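No lab work stands behind these numbers, since they all come straight from the coordinates. Keep in mind it's a predicted model, so treat the numbers as computed, not measured. Cβ coordinates were reconstructed from backbone atoms using ideal geometry, including for glycine residues, and neighbour counts include every protein chain displayed.
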Amino acid sequence: MTQAVTLTREQVAFEPASMADPHGRVFRWEGGLYRAINSDIAPIYRRLLEDPRCTRLFDIGLIDTGIADIELQGAGLVLRHRELPRVTYGFEWCAPMLLDAAKLTIDLAIELDTMGFELLDAHPWNVLFEGPTPHFIDFGSFVPAKPGTPWRGQGEFIKTFINPLFLLVRGHAEPARRQMADFNRWGVTDRELVGIVGRKQRLARYWQSLTMLPGAVEPRTSALIKLRDYLDRVELPEPTTQWSDYYNEHVCLEDRAAWTGKHVVADEVLRRVEPRTVLDLAANAGWFSMLAAQHGCTVVATDNDETCLAHLYRQAKEQRLDILTVSQDFTRPTPPHGPNEVFPDAFARLNADLVFALAITHHLVFKAGMDFKQIARTLDGFTGKTLLVEFIPKEDRHVALWYTDAYRWYTLNNFKAALAPYFNRITVHPSNREPRVMLCCERSASVAAAA
Ligand SMILES: C[S@@+](CC[C@H](N)C(=O)[O-])C[C@H]1O[C@@H](n2cnc3c(N)ncnc32)[C@H](O)[C@@H]1O
């Protein structure tokens with residue numbers, strides 16, 4: 001038998017975001033992701049992982065985890081986890097994603113309950129999506145349950161999943177996301193829910209359907225079952241929004257004969273650049289995201305329209321496409337957050353080899369008040385190698401309605417000049433109709449390194 005390698009704490013890189021875990025620390029070593037487990041709980045975790053019932057936890061969505069063949073100074077056990085390619089946060093998910101993440105969390109809690117364990121940390125920061133599939137990533141939240149005690153995760157689960165979900169499906173996405181993104185608030189309390197919804201009476205039916213009064217202490221198993229039943233009854237409306245009908249105008253992805261110049265150019269760029277990762281900014285129904293997924297790319301699709309995101313998430317789930325939908329306003333990419341800003345910003349997490357920014361620049365200028373320099377800087381922040389951005393000149397019938405002399409600077413040449421500091425090769429291609437054009441912006445390795 002080979003001897004396990006023993007590492008010192010200096011040899012590994014601890015993950016700053018796992019500082020709060022009472023049972024150990026996550027660390028990286030030689031490209032792998034590991035979890036050092038404290039000696040007091042190590043034998044319990046070893047038994048749990050060796051229990052055949054543990055496969056049920058993996059079937060539900062616990063991230064692939066096994067006992068590692070390395071040791072770390074001072075740790076009782078080292079686990080190895082499969083690392084997921086992208087980190088997104090609960091406040092960046094659309095309602096069906098938050099619902100699926102909540103179901104995964106509660107299903108794990110129920111299964112653990114049958115095994116004599118309790119899920120201590122029941123919040124969205126412990127779930128990551130891989131395309132449209134949620135995984136639970138925090139093995140350190142599993143603790144032996146004390147018989148006859150209530151579920152210690154209940155309050156947190158309601159505050160970080162159930163109440164925000166209630167707000168998202170009732171058209172209060174903005175305050176729900178704001179509260180969740182504020183690390184000091186960490187979700188929406190029952191009292192804050194009353195403040196946002198306006199009248200307590202409006203919440204009576206919600207609490208009735210939850211079959212739990214605010215702050216009520218329930219026996220653990222019954223609380224878990226009630227919360228799961230509630231999640232089964234959550235309805236997800238897809239209200240008509242400014243952008244929800246836009247996808248009805250799109251040509252079928254399989255019908256190549258109907259493709260316009262815009263579709264052909266995107267396809268050619270995908271073929272030529274062969275990106276591993278693609279970011280489709282303002283993706284709407286995700287025609288270009290789906291094209292990239294068909295090319296075998298790992299895709300992130302962003303938009304700030306709730307209905308569009310929910311629609312695309314469902315499509316990705318049904319068709320098993322490697323597309324991760326993320327709520328993101330182009331004018332305000334998610335900043336770093338958390339204690340000491342341990343949770344990285346959107347640029348660090350979502351940047352991709354190839355970025356699509358199609359039919360969005362004119363909205364950012366005329367509706368969101370951005371100038372070309374701001375747009376170019378943001379696009380640069382997301383782009384690894386290549387950017388395909390559409391420009392819609394003032395002669396276009398939509399833009400003509402918004403254009404005034406105050407926007408004299410809104411020209412193709414000025415847009416190219418704003419992009420030029422970041423991309424040393426910019427070529428112009430046709431789009432779906434004149435006078436719209438597509439700019440393929442590329443940078444050499446030296447520009448990329450300097451950026
Ligand atoms: C004209 S559609 C373009 C869809 C797709 N990129 C295409 O070219 O077919 C514009 C999309 O931009 C989104 N959008 C508008 N302003 C946005 C913003 N500030 N942040 C993120 N998305 C935005 C809308 O929700 C809509 O889905």
Practice task
Can you pull the one-decimal nm distance between simple spin-label points at CYS54 and GLU174, each 7 Å off the Cα toward Cβ?
Solution key: 4.8 nm
Completion exercise
So for the stretch 90-233, using the alpha carbon gyration tensor with a ≥ b ≥ c as root eigenvalues (a/c under 1.5 gives rounded; past that, a/b versus b/c decides prolate or oblate), I'd call it oblate
Practice task
Only Cα pairs under 8 Å and at least 6 apart count here; give the relative contact order of the chain as a rounded whole percent.
Solution key: 11 percent
Fill in the blank from the handout: Extend 7 Å from the Cα of THR149 along its Cα-to-C-beta direction; within the stretch 36-65, residues with backbone N under 17 Å of that point are 40-42, 44-45
Problem - Three-way shape call for the stretch 5-81 based on the alpha-carbon gyration tensor, with the a/c threshold at 1.5 - result: prolate
Problem - Members of LYS262/LYS367; LYS317/LYS385; LYS103/LYS146; LYS103/LYS317 lying beyond 18 Å, as alpha-carbon distances in this model show - result: LYS262/LYS367; LYS317/LYS385; LYS103/LYS146
Exercise for the section: Throw me the Rg/Rh for the chain, computed over C-alpha atoms with Kirkwood Rh, two decimals. Expected result: 1.00
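What does the charge add up to near PRO219, with Lys and Arg as +1, Asp and Glu as -1, over the other residues with Cβ less than 14 Å from its Cβ?
Details: positive: LYS146, ARG152, ARG220, LYS226; negative: ASP113, GLU118, GLU218.
Within the 14 Å Cβ shell, the charges total +1.
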Completion exercise
Note to self: C-alpha centroids of the stretch 379-400 and the stretch 71-127 sit apart, in Å, by 38 Å
Exercise for the section: Per DSSP H run of at least 4 residues, take -39500 (n - 2.57); add these up for the chain, divide by its residues and hand me the 222 nm value, nearest 500 deg cm²/dmol. Expected result: -10500 deg cm²/dmol
Problem - Potential lengthening between TYR246 and THR114 on full extension [0.36 nm per residue; Cα-Cα distance subtracted] - result: 42.8 nm
Exercise for the section: Take every Cα pair under 8 Å in the stretch 5-81 that's 6+ residues apart, average their separations, divide by the length, and report that relative contact order as a whole percent. Expected result: 37 percent
Practice task
Distance from a point 7 Å along Cα→Cβ of ALA348 to each backbone N in the stretch 101-145: keep the residues under 19 Å and list them by number.
Solution key: 125-129
Exercise for the section: Just order 22-35, 134-147 by mean Cβ neighbour count inside 10 Å, highest at the front, would you? Expected result: 134-147, 22-35
Practice task
Take every DSSP beta bridge with both residues inside the chain and express the antiparallel ones as a percent of the total, to the nearest 5.
Solution key: 65 percent
Exercise for the section: Between ARG46 and LEU253, with labels modelled 7 Å along Cα→Cβ, what's the label distance in nm to one decimal, could you check? Expected result: 4.8 nm
Completion exercise
Bridge orientation stat for the stretch 246-450 from DSSP, antiparallel percent rounded to 5, came to 45 percent
Fill in the blank from the handout: Note on the stretch 246-450: alpha-carbon gyration tensor, axes a ≥ b ≥ c; rule is a/c under 1.5 for rounded, else prolate if a/b larger than b/c, else oblate; result rounded
Handout entry: Rough spin-label spacing in nm, given labels placed 7 Å along Cα→Cβ, for ARG202 and GLU130
Key = 4.0 nm
Fill in the blank from the handout: Here the FRET efficiency for ARG272 versus GLU341, based on Cβ atoms and R0 = 35 Å and rounded to 0.05, is 0.40
Fill in the blank from the handout: Taking every other residue with Cβ under 12 Å from the Cβ of THR378 and scoring Lys and Arg +1, Asp and Glu -1, one gets -1
